[in-house]
Amino acid sequence: MIKTTSQLIAQLESGNNIYAMRYEKNWRYITNEIRESFLWAHRGLYFSRDTVDMILSTSWGKHQIMGSVLYEIGFPGKILDFAQNEELQEWYFHEFLETRGIYYSLDELRNDERKRNKFAYRYNGDQTGVYAKRMLNLMGE
């Protein structure tokens, strides 16, 4: 039974698989500042620009947070450390919700359609209502 927003999104995004990753070839939200944050975290290693952009255009972990978003919100480490650490994934999921203004409880998402739609848009980019419906279905409504 799903009891938290984290559990809901982890189930919806990856089936709660901390090792999940998905390359999003159309992802375009990568700035030079984000690239530099990534490269600083991986200093001493070599990555081509295309490789950096591929890693930053991949969603990682059980909540499927985009690589570029992780470094934008302050993740200071190596991406493979994040990919293998459930506690880090949980921490940065909550950081993401805070930075996007969508830190809602499960009850708020279940009972407030406006908050649920806002969450779906800011978390997943969905403007069609499909993601919000999938959330509601998983919550048992």
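The values are calculated or read from the model by the stated rules, or taken from the named source; none is laboratory data. Because the structure is a prediction, the values reported are computed rather than measured. A quick note on method: Cβ atoms are made from the backbone with ideal geometry, for glycine too, and the neighbour counts reach across all protein chains shown.
Restrict the check to the range 90-108 and report whether at least one residue is part of a loop (DSSP other than H, G, I, E, B), buried (at least 19 other Cβ atoms within 10 Å of the Cβ) and either of a type in the set (D, E, K, R) or touching a Leu at 6+ places or on another chain (Cβ under 6 Å) (or both).
Within the range 90-108, none of the residues are part of a loop (DSSP other than H, G, I, E, B), buried (at least 19 other Cβ atoms within 10 Å of the Cβ) and either of a type in the set (D, E, K, R) or touching a Leu at 6+ places or on another chain (Cβ under 6 Å) (or both).
Do you know which residues across the range 88-125 are among the acidic types (Asp, Glu), more than 13 Å from the chain's Cα centre (by Cα) and within 17 Å of residue 7 (Cα to Cα)? Lay out the reasoning, then the answer.
Going residue by residue through the range 88-125, those that are among the acidic types (Asp, Glu) are 90, 95, 98, 107-108, 112-113.
Imposing the further condition that a residue be more than 13 Å from the chain's Cα centre (by Cα) reduces the set to 107-108, 112-113.
Result: 107, 108.
Would you mind finding the one in 45, 80 that is part of a helix (DSSP H, G or I) and of a type in the set (A, V, I, L, M)?
Working: 45 fails: part of a helix (DSSP H, G or I).
Going through 45, 80 in turn, just one is part of a helix (DSSP H, G or I) and of a type in the set (A, V, I, L, M): 80.
Residue under question is residue 53, and the condition is that it be at pLDDT 95 or above, of a type in the set (Asp, Glu), surrounded by 14 or more Cβ atoms within 10 Å (Cβ to Cβ) and in a helix (DSSP H, G or I); does it hold? It would help to see each step written out before you state the result.
Working: at pLDDT 95 or above: yes; of a type in the set (Asp, Glu): yes; surrounded by 14 or more Cβ atoms within 10 Å (Cβ to Cβ): yes; in a helix (DSSP H, G or I): yes.
In short, yes.
Given the structure, is residue 59 buried (at least 16 other Cβ atoms within 10 Å of the Cβ) and assigned to a helix (DSSP H, G or I)? Break it down stepwise before answering.
Numbers: buried (at least 16 other Cβ atoms within 10 Å of the Cβ): yes; assigned to a helix (DSSP H, G or I): no.
When the stated conditions are applied, residue 59 does not pass them.
For residue 34, state whether it is of a type outside the set (Phe, Trp, Tyr) and either in a loop (DSSP other than H, G, I, E, B) or under 18 Å from residue 87 (Cβ atoms) (or both). If you could, list the steps in order and put the result at the bottom.
Working: of a type outside the set (Phe, Trp, Tyr): yes; either in a loop (DSSP other than H, G, I, E, B) or under 18 Å from residue 87 (Cβ atoms) (or both): no.
Taking the combined requirement at face value, the residue does not satisfy it.
Got at least one residue in the range 105-125 being modelled with pLDDT under 95 and in contact with a Phe, Trp or Tyr (Cβ under 6 Å, 6 or more places away or on another chain)?
Yes, the conditions are met somewhere in the range 105-125.
Quick one: what pairs do we get from the range 113-133, first residue β-branched (Val, Ile, Thr), second surrounded by fewer than 12 Cβ atoms within 10 Å (Cβ to Cβ), C-beta under 9 Å, 6+ apart or different chains?
From the range 113-133, no pairs qualify.
Among the residues of the range 12-31, write down those that are surrounded by fewer than 17 Cβ atoms within 10 Å (Cβ to Cβ) and outside any loop (DSSP other than H, G, I, E, B).
21, 22, 23
Suppose the filter is among the acidic types (Asp, Glu) and surrounded by 15 or more Cβ atoms within 10 Å (Cβ to Cβ); does residue 86 pass it? Spell out the reasoning first.
Details: among the acidic types (Asp, Glu): yes; surrounded by 15 or more Cβ atoms within 10 Å (Cβ to Cβ): no.
In short, no.
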